[in-house]
Structures are given as structure tokens and as C-alpha cells.
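Right, one structure below, let's go through it.
Laboratory data are not the source of any read-out in this text; all were calculated from the coordinates shown. Just so it is clear, the model here is predicted, and its values are computed rather than measured. Here the Cβ is made from the backbone with ideal geometry for all residues, glycine too, and neighbour counts use every protein chain on show.
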Amino acid sequence: MRKKRRHFPLRRLLVGVILILLALVVGELLRPRDSRDWSRVIAYIPLDDRIDNYEDAAYLAEASGWELAMPPRDWFRTALDGQPRNENGTPYGNREALFEWARDMGRQGCRTFVFSLDQLFSGGLVNSRAVQDAWPLRFSERSTMGELDAFRKYILPLAKNKKNRLYLFDSLARLSPTVGYLGAGEQEYYALRAYGMVPRPVLPDNQLTLERVFSQYAYAEDGKTLAENALEARFRDALTPDLLQTYLGVRRRKLALTDEVLKAIEPFDNIQLFIGVDDSSNRDNIQYNELRYLRSRIGSDVSSSIAVMAGLDSLARLFVGRVAQETHDYRVKACVRYVGGSEEKHSSEFDLYTLEEVVKLHLDFFRAEEVPAEQAELQILVMTAPDNPERAAEYAEELVAALEENLRRHIPTVLNEASNNAYGDALEQALLKRIPFAELVAYAGKYDQANVTGAAFAMGFSRYLYLRCGEPSVRADAAQAEQMANSMALTEYILHTREPLNAYIRSFGVDAGNIPPDTPYKLRIERKLEELFKPECEKVCANLKGTGLLCGVAPWQRRTIREIAIKDYVLPWSRTFELSFAVKAAIDG
């Protein structure tokens, strides 16, 4: 008798497959969902972890109705010599992790991306000044590839989705390395800066190729004398062959990488790239042919999608503003008023452009329509250094009176205090006493004129577009109060805290530019910082608390700032040049 076939194994297999599929479906349904509104999220890879690129950018985005999604801080942190290293044992960013994070943000649904190429290619701005050769990446899946191959594999695919927008920023190598990083000291800094400032042969337009630009690096203006031989002996003696080889290798690598990125992004109309000019000078120097080469490739129109821009540390914030401008598709009618009379001058030897040129670049960046004051919906007041020191008090009064009149007439106003603190306490005291900063659209007043102008314009245009076109949000308005307090407190730190703190630290024989983590004076330094800075923060909070925060322009509307606090002071790079702190505001709902 023939035996019946047994079907149990097949049935069991089918049942098993069905159960597995059911488990996968149920697991997917039960998996926690990312509830973020991806249309309002910007995936952001910072230049580094300094306040300009970290806290400042986050405040600005939130005050403008956006959310910045950032990778872990350790992945883009920079550590100076002698400071604790990152989790991967290096003093620079984790390039591999950042490339993979960028890819994963796209997979999660993010549609807007702002990325630093210095961070992705070199582990941050400081390290980009130290890497002279191609530097392969080694990924977790055991693959190894060059910087550009990683860019093509992880970044360019994000642009293949036409709904995505990519904003990339890079730097033109500055004239000198960073003091306190990989052994560079002040002697090397000043010697290489002097070397970089030696004028090079100016190439004819038809000879602007990478190879020709590189070939002129080593020579002074006559094309025959070695550039180092044009220097004073004190600088020339500090320039060893190894130091010069690294310096010129860094410049070649950076410019060649930028050039290859320009080629790679040509097919995409949803990628923007801006190249910020890091510390420069207002004379012909080693950057001159580099800039001319880049402009021959991309032009000079900063209202376009690819251009060279003044300043670097404000570029990420400027891109947040451009995201807002393009999202709302709104062209702001703006006017500029200068006070001080020196807008046509370079404010220092580090400036490539005059202040007037810098302001014009930023107006063009935001595609603003420059109109007479009576037609403007946004007025930008720019304080320059006094053209005549004897008129400083007169200029200070002119600025404060103009601000008072604008606020009385409900004119949305940006204050760009670009005098490099030329007016000192007199102007600061008048502003704090007579101007409710909460009613300004934006304020910036620290550091060099290119970056302070970028900070003021980024905050001003981002916030104004939110007020004019965005959805009302109590949280965004609270973030604006925090952003304003942050900007004000940083100015107070520079005016009143940093130099006394430097003197105190140096009295122990400690370097204020790189405070050792094991110094026995650490607790004393922290207490001195609080002693010096807390009264300045109290002045800022006194100006803001109880005043009306501007939260609407058509019609003019305000919310009362009930509480505001500035605390948790930290020197993020263990040097006094930067300061980080936490700001928390509560406003009426």
C-alpha cells in the first residue's frame, strides 16, 4: 500500500514565514516614529564646535521657526594641543561618522542640509590648516576611499532627490595656521602670516589654472625672488623647509578639493556652495590668484547659488537665512544707514573688503531690494569706527537717537555694531540705558567686521522673514529673546571680561590661549570668570526682562519677557577667546 506524502514540513515552513512577516509588520507598526516635521528641519554639520557655529546657529534657526538637527558634538569638536581628545582619540572631527550621519538624515526624511566641507574633508577648520596631502577615509563597513569619493558616495546622492536642498560652505585657506594646534606657536603664526602677505606674481586671465596658481606660491611679485627672501630676518629665520612645505601643501590640497567639488556639483541645480574668505589682508597676497581663479570659475554674484563670500564663521547662519528667504520666496525691501563715517575704509589689516563692500555683499546674498528709507520695511543701522575720534560722542548719540526714533515709529531695525568696539563703554552704556534690545529685529557687535556683519544680517533677515511670513510660535519668540541675550552678553564679555580674565590667568604663569586641563588653578579661573562676567550678564538681563519682545511687524506686536537667565559659563576650547553659556527665557504666551 502506497504511503501518503507528509506535508507537515512545508506547512510548518509556510507558517513560520507568515509568522516572521507578521512579526516584521507588527514591529514596524510599533517602532517609535520620529515625530519631527521634516519640512522645518535643517540637517547641519558645523564647521566646528565654537559658539559661532554651534549655539549661535541653533538660537538663530529656532528663532526663525526652524530646527537644527546636529550630530553628536564630539563628532565635530576640535581640541587644541594638550586638551582632552575626542572619543575616537583625535583632536579633530570624526569624518567617517559625519558622512554616514548625512546619508542617514536623508533616509529619515530630512530635505534641507547645511554642511561644512572643511569638517567633512578635514575634521574642522583648524585641522584643514594642517593637512597637506590626500587623506583617505576608513568607514565602518571596512571600505577606504578618498575625500572626493566619499563626497560622491554620501553627499551627492542627497541631491538626486529634487525636493532636497543642499547648502555647502567651504573656506579659502587663511594666511596662517592656528596657534596651539599641532605644535604651532605665535612665532610660526606671525612668520607664516608675513610669508602669505608677500605679493605674488599676478597671473594674466588666460593663465588662471590651478597649476599656474600653484607654481607662483613660492615666489615674490617679480616671479624670481623666493617669497621668504622678501621678509624681515626675524620672520625668515622662523620658516623651516618643513614648515613651508606643509603650508604650501595645505593651500594646494584645499584649493584642489574645492575645484573638484565645483566640478562634481555642476549637474545639480539644488546645491549651493559658498566659499568664505578666512582671515586675509587688504593687500595683494598669496590668496589673490586663488580668489581670481575661483571667481573665473564661479563669478562674483553672491545672489546666485555659488560664490565667494566675506567672512566664514557666519556662513552657516547666513544659509539658515537663505533657507528662509527661498522657502518664503519673499524679497525684503531694505535700507542701510551708516553712522561713524568710516564705512569706506578697512577696519584692520585682516580685512579683505571695506565695511561698505561687506554690507553690499550681504544685501546681495539675501537678494534684498535696496530702497530709500521711506520705502523700506527693514532698516539696517551700521555703526562704523569714527572717522574723526573727536566726533565719537556725537556719533554715539546719533546712533542711539536713530534707534529710539525707529522704535518709536515701529520701524523694524537691525543694529550692526561693526566699529570693533571703537566707542567703548560710552556707547554701550547709552544703548543699555535707552534702547530696549528686545524690540530690535537683530543685534550683533563682536569680532571683525565681516563676521559681525554676517551675524547681524543672518539674524536680521532670518527673524524678519519669520515675523513677516512665518507661523506665530511662542517657542520661536522665546528663542529670539535667548538669541538677543546671547549676542548682547558676548559683547559684554569682550568689552569687560576677557582682558581682566586674561591678566588674571597669566598672573599664574598660565597661557590664556590654551589653559592646561590639569592646571592647579582651574577652580580659581572658573570662579574669576563668574566674578567678572556675572555682573555683565545681569546688565543684559535687566535690559531685557519686563520689556516687549518684537513678535509681529504687520501689525507691530510684542510679548513681554517675564524671565531671562544667563548661566553655566564655559570656555569651550579652554582659551579665553570664546565663551559659551546657557540662556533661558520665559515670555508671555
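Please work out the Cα center distance from the stretch 347-384 to the stretch 513-544, rounded to the nearest Å.
34
Tell me the trypsin sites (Lys or Arg not before Pro) within the stretch 113-163 that lie in a loop according to DSSP and have at most 13 other beta-carbon atoms within 10 Å.
Sites meeting the loop and neighbour criteria: Arg142, Lys160, Lys162, Lys163.
So which of Lys345/Lys446; Lys433/Lys522; Lys539/Lys584; Lys153/Lys254 end up more than 25 Å apart by C-alpha?
Lys433/Lys522
Tally Lys and Arg at +1 and Asp and Glu at -1 over the other residues with C-beta under 11 Å from the C-beta of Arg95: what net charge comes out?
Local net charge: -3.
Taking amide hydrogens as modeled 1.01 Å from N in the peptide plane, which residues meet the under 5 Å criterion relative to Gly552, leaving out close sequence neighbours?
Result for Gly552 returns Gln557.
Pull up all non-local amide H partners of Gln272: gap of 5 or more, or a different chain, and H-to-H distance under 5 Å with H placed in the peptide plane.
Leu166, Tyr167, Leu168
Please report how far the C-alpha centroid of the stretch 238-290 lies from that of the stretch 482-496, rounded to the nearest whole angstrom.
33
Please report, ordered by residue number, every helix of the chain (full DSSP H runs) that is 30 Å or longer along its axis going by C-alpha atoms and whose mean Kyte-Doolittle hydropathy reaches 0.5. Spell out each step's value before the answer.
Details: long enough: 8-30 (32 Å, 2.16); 241-265 (36 Å, -0.03); 522-544 (32 Å, -0.60).
For the chain, where a helix must reach 30 Å along its axis and average at least 0.5, the hits are 8-30.
In the neighborhood of Leu47, defined by Cβ-to-Cβ distances under 15 Å, what is the net charge if each Lys or Arg adds +1 and each Asp or Glu adds -1?
My count for the surroundings of Leu47 gives -3.
For each pair in Lys545/Lys567; Lys162/Lys333; Lys160/Lys263; Lys528/Lys567, compute the distance between the two Cα atoms and list the pairs where it is over 18 Å. Present the calculation step by step, with values, prior to reporting the outcome.
On the way: Lys545/Lys567 15 Å; Lys162/Lys333 30 Å; Lys160/Lys263 16 Å; Lys528/Lys567 14 Å.
Where the Cα-Cα span goes over 18 Å, the pairs concerned are Lys162/Lys333.
Near the amide H of Ser171, under 5 Å away, which other amide H atoms are found, from residues 5 or more places off or on another chain, if H is placed in the peptide plane?
Close amide H contacts, sequence-distant or interchain: Asp118, Gly276.
For a quick check of your reading of the filter: which trypsin sites (Lys or Arg not before Pro) in the stretch 322-431 sit in a DSSP loop and have no more than 12 other Cβ atoms within 10 Å?
Counting only loop positions with at most 12 other Cβ atoms within 10 Å, the trypsin sites (Lys or Arg not before Pro) in the stretch 322-431 are Arg331, Arg409.
Counting only GluC sites (Glu not before Pro) that sit in a DSSP loop (anything but H, G, I, E, B) with at most 14 other Cβ atoms within 10 Å, what is the longest stretch of the chain containing none of them?
In the chain, the maximal stretch lacking such sites is 350-589.
Need one number: % antiparallel among DSSP beta bridges in the chain, to the nearest 5.
Bridges in the chain that DSSP calls antiparallel: roughly 30 percent.
At most 14 other Cβ atoms within 10 Å and a DSSP loop assignment: could you name the trypsin sites (Lys or Arg not before Pro) in the stretch 61-108 that fit?
Taking the stretch 61-108 and a limit of 14 other Cβ atoms within 10 Å, the loop trypsin sites (Lys or Arg not before Pro) found are Arg85.
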